[in-house]
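Reviewing the structure listed below.
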Amino acid sequence: MLEQTSPAIRVILENALEDRDITPADAARLFRARGRDAAAIIAVADALRRRQVGDRVTYVQTRNINFTNICYTGCAFCAFGLPRQHPNAYAMDIEEVVRRAVEARRWGCTEVCMQGGLNPLLGGDIYVRLVRAIKAAVPDIHIHAFSPFELQYASQIQRRPVREVLLELKEAGLGSIPGTAAEILIPDVRQALTKNKLSAEAWIEIVTTAHEVGLPSTATIMYGHIDGPEHWAAHLAILRDIQRDTGGFTEFVPLGFIYQNTRLYASGRARPGPTGRESALMHAVARIMLGRWIPNIQVSWVKLGLPMAQMLLEAGANDFGGTLHNESISRSAGAETGEYVAPAEFERLILDLGRTPAQRDTTYRILHEGPRYYNPNHPATM
């Protein structure tokens, strides 16, 4: 596997195969690899994936509820948030959100994922009211909701500590939080991406506090805009440090920058998203750097498209993510996929790799192992 790699890359990969943590400098070197070196990195990541989590590929049935797209922030990389005067701006009432959650459970979803813009019209208690209403109607559904940015907003508008907000949400029935709004946890890059979003320090504090009060979270990165290998490596190192301290991350999700409808790209400040090589190495290096601490590496089929997402399951990833009924944030930015993928389609693509599909819940408890929905003799069942 390593015979034809360059000496520096070979040393890093040998250390990884011996279960030694690689350094951020090592990771940056891996991110720059090409040719045989890149192929070796991907092969090592796949070997580590097999060692750490086996040949199972998981997915979760979830419905996205983006309850409002009104947002005062105006992040240049986002095409979802709109000013309230915009003709396409909306805010769902609580009854509509509950209706969607009830419908999701009827469809077989075990989770609803809720995120929205920072809408001053809804009040700081909108988050706990949403959680209570959903739990009253669908007590057995897992609520995975509210990014650290939303939690900071709730804290500020209510003039309460984030810990109090999190404890109230947990008591109301919140099960976990998405680790979005991370983008790149490097201050100079964040400042260039948006001047109004929460700082890297605030993101770290909110996520760490969530873990401390018993609310797990995902971990993410947004890459392929004005960033590069050193930024990616430093970001992964921050996540690894948090996980060593708290153990609260359930998974790591690389999110390639969707550029088409964003002001950041239109202004000429960003490139048109990551290349295929960069996406492959992002997932592979994440496995090598994080896999001992965060064993679940997810492909974002919304960002990547299904064929590329399937291929990255052979580059260190082990989770296909969610079925995502009604995802709209990525689609607003220009993604061509995102509305919904049937469980049978996930299973078809997983079986095509010679791997074992498994339906999970939000915290990676296995609900069913093996094909459940896909019948190769009746492909119309997809």
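Quick one: would you say residue 322 is within 17 Å of residue 27 (Cβ to Cβ) and either in contact (Cβ under 8 Å) with a residue 12 or more places away in the chain or acidic (Asp, Glu) (or both)?
Numbers: within 17 Å of residue 27 (Cβ to Cβ): no; either in contact (Cβ under 8 Å) with a residue 12 or more places away in the chain or acidic (Asp, Glu) (or both): yes.
Against the criterion (within 17 Å of residue 27 (Cβ to Cβ) and either in contact (Cβ under 8 Å) with a residue 12 or more places away in the chain or acidic (Asp, Glu) (or both)), residue 322 does not qualify.
Kindly indicate whether any position in the range 227-244 is assigned to a strand (DSSP E or B), of a type in the set (D, E, K, R) and at pLDDT 95 or above. Let's see the steps before the verdict.
Within the range 227-244, the first condition is being assigned to a strand (DSSP E or B), and the residues that meet it are none.
Checked the range 227-244: no residue is assigned to a strand (DSSP E or B), of a type in the set (D, E, K, R) and at pLDDT 95 or above.
Check 263, 277, 269, 244 and return the single one that is charged (D, E, K, R), closer than 23 Å to residue 13 by Cα and in contact (Cβ under 8 Å) with a residue 60 or more places away in the chain. Reasoning before the result, please.
On the way: 263 fails: closer than 23 Å to residue 13 by Cα; 269 fails: closer than 23 Å to residue 13 by Cα; 244 fails: in contact (Cβ under 8 Å) with a residue 60 or more places away in the chain.
After ruling out the rest, the residue left standing is 277.
Considering each residue of the range 165-184, count those that are closer than 21 Å to residue 200 by Cα, out of contact with any strand residue (DSSP E or B) (no Cβ under 9 Å at 6 or more places or on another chain) and of a type outside the set (A, V, I, L, M, F, W, C), and give that number. Let's see the steps before the verdict.
Of the residues in the range 165-184, the ones closer than 21 Å to residue 200 by Cα are 165-166, 176-184.
So of that shortlist, the ones also out of contact with any strand residue (DSSP E or B) (no Cβ under 9 Å at 6 or more places or on another chain) come out as 165.
Checking the rest, the ones that are also of a type outside the set (A, V, I, L, M, F, W, C) come to none.
Residues flagged as closer than 21 Å to residue 200 by Cα, out of contact with any strand residue (DSSP E or B) (no Cβ under 9 Å at 6 or more places or on another chain) and of a type outside the set (A, V, I, L, M, F, W, C) within the range 165-184 amount to 0.
(1) modelled with pLDDT under 95; (2) buried (at least 24 other Cβ atoms within 10 Å of the Cβ); (3) part of a helix (DSSP H, G or I); (4) not small (Gly, Ala, Ser): which one isn't true of residue 288, the others all being true?
(1) is the only condition that residue 288 fails.
Would you confirm whether or not the range 171-180 contains a residue that is at pLDDT 95 or above and either over 20 Å from residue 126 (Cα atoms) or in a helix (DSSP H, G or I) (or both)?
Yes, some residue in the range 171-180 is at pLDDT 95 or above and either over 20 Å from residue 126 (Cα atoms) or in a helix (DSSP H, G or I) (or both).
Report, by residue number, each residue of the range 193-217 that is under 23 Å from residue 259 (Cα atoms) and not aliphatic (A, V, I, L, M). Reasoning before the result, please.
From the range 193-217, those under 23 Å from residue 259 (Cα atoms) are 193-200; that's our starting set.
Hits for the range 193-217 are 194, 195, 196, 197, 199.
Out of all the residues in the range 83-130, which are small (Gly, Ala, Ser) and either crowded, with 17+ Cβ neighbours inside 10 Å or in a loop (DSSP other than H, G, I, E, B) (or both)?
Those that are small (Gly, Ala, Ser) and either crowded, with 17+ Cβ neighbours inside 10 Å or in a loop (DSSP other than H, G, I, E, B) (or both): 89, 101, 104, 108, 116, 117, 123, 124.
Could you name every one of the helices (runs of 4 or more DSSP H) located completely within the range 1-59 that has at least 1 residues being among the β-branched types (Val, Ile, Thr), closer than 24 Å to residue 238 by Cα and touching a residue at least 24 places away in the same chain (Cβ under 8 Å)?
Here the list reads 7-17, 35-53.
Which residue, of 340, 374, is farther than 26 Å from residue 176 by Cα and either at pLDDT 85 or above or not in a loop (DSSP other than H, G, I, E, B) (or both)?
Working: 340 fails: farther than 26 Å from residue 176 by Cα.
Just a single option satisfies the conditions, and that option is 374.
I'm trying to understand the selection: among the residues of the range 154-193, which are more than 15 Å from residue 114 (Cα to Cα), buried (at least 18 other Cβ atoms within 10 Å of the Cβ) and free of Cβ contacts under 8 Å to residues at least 40 places away in the same chain?
Listed by number, the residues that qualify are 155, 165, 190.
Mind counting the residues in the range 254-278 that are surrounded by 22 or more Cβ atoms within 10 Å (Cβ to Cβ) and under 20 Å from residue 24 (Cβ atoms)?
2
Name the pairs whose Cβ atoms lie under 9 Å apart, with the first residue in the range 194-209 and closer than 13 Å to residue 153 by Cα, the second among the acidic types (Asp, Glu), and 6 or more positions between them or separate chains?
From the range 194-209, the pairs are 197/183; 203/183.
May I ask you to verify whether residue 51 is within 26 Å of residue 4 (Cβ to Cβ) and modelled with pLDDT of 85 or more?
Details: within 26 Å of residue 4 (Cβ to Cβ): yes; modelled with pLDDT of 85 or more: yes.
In short, yes.
Based on what the data block shows, is residue 120 free of Cβ contacts under 8 Å to residues at least 12 places away in the same chain and not aromatic (Phe, Trp, Tyr)?
Working: free of Cβ contacts under 8 Å to residues at least 12 places away in the same chain: no; not aromatic (Phe, Trp, Tyr): yes.
No, not satisfied.
Say we look at the range 245-263 and pick out the residues that are over 17 Å from residue 308 (Cβ atoms) and at pLDDT 80 or above; which of these is farthest from the chain's Cα centre (by Cα)?
Step one: filter the range 245-263 for residues over 17 Å from residue 308 (Cβ atoms), giving 245-252, 261-263.
This time we only want the ones that are at pLDDT 80 or above, so: 245-252.
Details: 245: 20, 246: 18, 247: 17, 248: 14, 249: 11, 250: 10, 251: 8, 252: 6 Å.
For the range 245-263, the residue satisfying everything is 245.
Here's the yes/no breakdown for (1) modelled with pLDDT under 95; (2) over 16 Å from the mean Cα position of the chain (by Cα); (3) part of a strand (DSSP E or B); (4) surrounded by fewer than 16 Cβ atoms within 10 Å (Cβ to Cβ):
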position	(1), (2), (3), (4)
311	no, yes, no, no
316	no, no, no, no
320	no, no, yes, no
336	yes, yes, no, yes
346	no, yes, no, no
351	no, yes, no, no
367	no, yes, yes, yes
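The values are calculated or read from the model by the stated rules, or taken from the named source; none is laboratory data. Remember, predicted model here, so these are calculated numbers, not experimental data. Note that each Cβ is placed from the backbone with ideal geometry, even for glycine, and that neighbours are counted across all protein chains shown.
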